[in-house]
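The values are calculated or read from the model by the stated rules, or taken from the named source; none is laboratory data. Nothing here was measured: the structure is a model prediction, and the numbers come from that model. Note that we place each Cβ from the backbone using ideal geometry, even for glycine, and neighbour counts take in every protein chain shown. The accessibility values were calculated without ligands, DNA or RNA, using every heavy atom of the protein model including side chains. Shrake-Rupley method; radii C 1.70, N 1.55, O 1.52, S 1.80 Å.
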Amino acid sequence: MERVVQFTGPRQVEVAEQVRADLPPGHLRIRTRYSGISAGTELTAYRGTNPYLTRTWDAEARLFREGSAGIAYPVAGWGYSEVGEVTEVSPELAGTADLPAVGDLVWGIWGHRSEGIVPAERMIGHTLPAGLEPLAGAFARVGAIAYNAVLAGDIHVGEDVVVFGQGVIGLLTTRLAQLNGGRVTAVDALDGRLDTAKQYGAHRTLNARSDSVAESIREATAGRGADLAIEISGAYPALHEALRSVAVGGRVVASGFYQGDGIGLRLGDEFHHNRVQLICSQIGGVPPQLSGRWTVERLQQTFLRLVAEGQVDVASLVSHVVPAADAADAYLLLDERPGDALQVVLEF
């Protein structure tokens, strides 16, 4: 039997047992060690706000269709940040270049389950870099999301960059923006996260609740405004403040997963009058201008290399390692007390 974490309804979590499946041709079997919980995307399914629960995504038309749900409860095996050990490889795959072998530690996406069966093409080059702690592999995807937003921002050395949201992905964005030469202002509503942001390269910090963010940024830039703002929290008021914070013709990268109607976002204000460039960054693809050289796979692999080289710290972002059997407690923590947690990881 294998164990899988599933949502049986809004804010209802159980760990179910399923019959262990046979390994089909062209696949690898991986025993999970760690699986990181996404405090953004996953909580939308946990809370019942994810658009797939009420509409269907038409992949060919690239449109959401009304009238039926794309997914329904129970929602099983969500999760996109897994690390595990290869225990079986389909025999006909012998000799495939860069394919992990039995016993190798690998990273990838197979969801919150004790065992994953993954197509071989998705595991090419996914052996964990030598010397890297297994837990670090759980950051490949979240690191790529942050990296993608930074690439979309097209940062130049010495530019003023504001990063809204200092959760796990926001902190990684702050660090990567600083590595790219940006002078970073970190914004969040939690002072503890702002303290961590300083350790991740923020030149200054602003509290979204107590500071006048846009005014403070313009004051610090001689009235000009920031060259770039990256909004990573998924909150509409934060996106609006990002639009208020940039210079005329400045750039705002929207990388959060926004839910529902845009309450707090007014596009007739600074966005309109300052001719702000609003750019979407989503991990389904890289910035179009970079698609000849970059891929999502390269984002993930490069991020893990930066971690292995010591340029990005992920270990200190892990606030809780929770036994998979207690997954319900982990989601409750992230939902009700987000200030008490950063990266929560399930251990199988």
Item to complete: Can you confirm whether the stretch 194-201 contains a residue that is β-branched (Val, Ile, Thr), open to solvent by 10 Å² or more (accessible area, probe 1.4 Å) and more than 20 Å from residue 255 (Cα to Cα)?
Response: yes
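Mind checking whether some residue in the stretch 250-259 is outside any strand (DSSP E or B), over 19 Å from residue 229 (Cβ atoms) and under 20 Å from the mean Cα position of the chain (by Cα)? Show your work before the answer.
Residues of the stretch 250-259 outside any strand (DSSP E or B): 255-259.
Okay, now just the ones that are also over 19 Å from residue 229 (Cβ atoms), so 259.
Subsequent filtering for residues that are under 20 Å from the mean Cα position of the chain (by Cα) retains 259.
Yes, the stretch 250-259 has at least one match.
Within the stretch 135-151, how many residues turn out to be within 13 Å of residue 312 (Cβ to Cβ) and among the small types (Gly, Ala, Ser)? Give the steps one after another, and end with the answer.
Pass one, the stretch 135-151, residues within 13 Å of residue 312 (Cβ to Cβ): 136, 139-140, 142-144, 146-147, 150.
Filter once more, so that each one left must be among the small types (Gly, Ala, Ser): 136, 140, 143-144, 146.
Matching residues across the stretch 135-151 total 5.
Among the candidates 86, 102, single out the residue that is open to solvent by less than 50 Å² (accessible area, probe 1.4 Å), closer than 25 Å to residue 18 by Cα and not in a helix (DSSP H, G or I). If you could, list the steps in order and put the result at the bottom.
On the way: 102 fails: open to solvent by less than 50 Å² (accessible area, probe 1.4 Å).
Exactly one residue qualifies, and that residue is 86.
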Fill in: Single unsatisfied condition, residue 206 versus (1) within 23 Å of residue 286 (Cα to Cα); (2) open to solvent by less than 40 Å² (accessible area, probe 1.4 Å)
(1)
Response to the item:
Flagged in the stretch 309-338 as open to solvent by less than 50 Å² (accessible area, probe 1.4 Å) and not in a loop (DSSP other than H, G, I, E, B), in numbering order, are 317, 318, 322, 324, 327, 328, 330, 331, 333, 334, 335
Fill in: Looking only at the stretch 61-71, and only at residues there that are of a type outside the set (Ser, Thr, Tyr) and more than 23 Å from the chain's Cα centre (by Cα), the one that is farthest from residue 12 (Cα to Cα)
61
Item to complete: Any chance you could count how many residues in the stretch 172-220 are out of contact with any strand residue (DSSP E or B) (no Cβ under 6 Å at 6 or more places or on another chain) and part of a helix (DSSP H, G or I)?
Response: 16
Item to complete: Return yes when residue 124 is free of Cβ contacts under 8 Å to residues at least 40 places away in the same chain and surrounded by 15 or more Cβ atoms within 10 Å (Cβ to Cβ) and no when it is not.
Response: no
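Of these, 132, 171, 179, which one is open to solvent by 10 Å² or more (accessible area, probe 1.4 Å) and at pLDDT 95 or above? It would help to see each step written out before you state the result.
Working: 132 fails: at pLDDT 95 or above; 171 fails: open to solvent by 10 Å² or more (accessible area, probe 1.4 Å).
When all the criteria are applied, what remains is 179.
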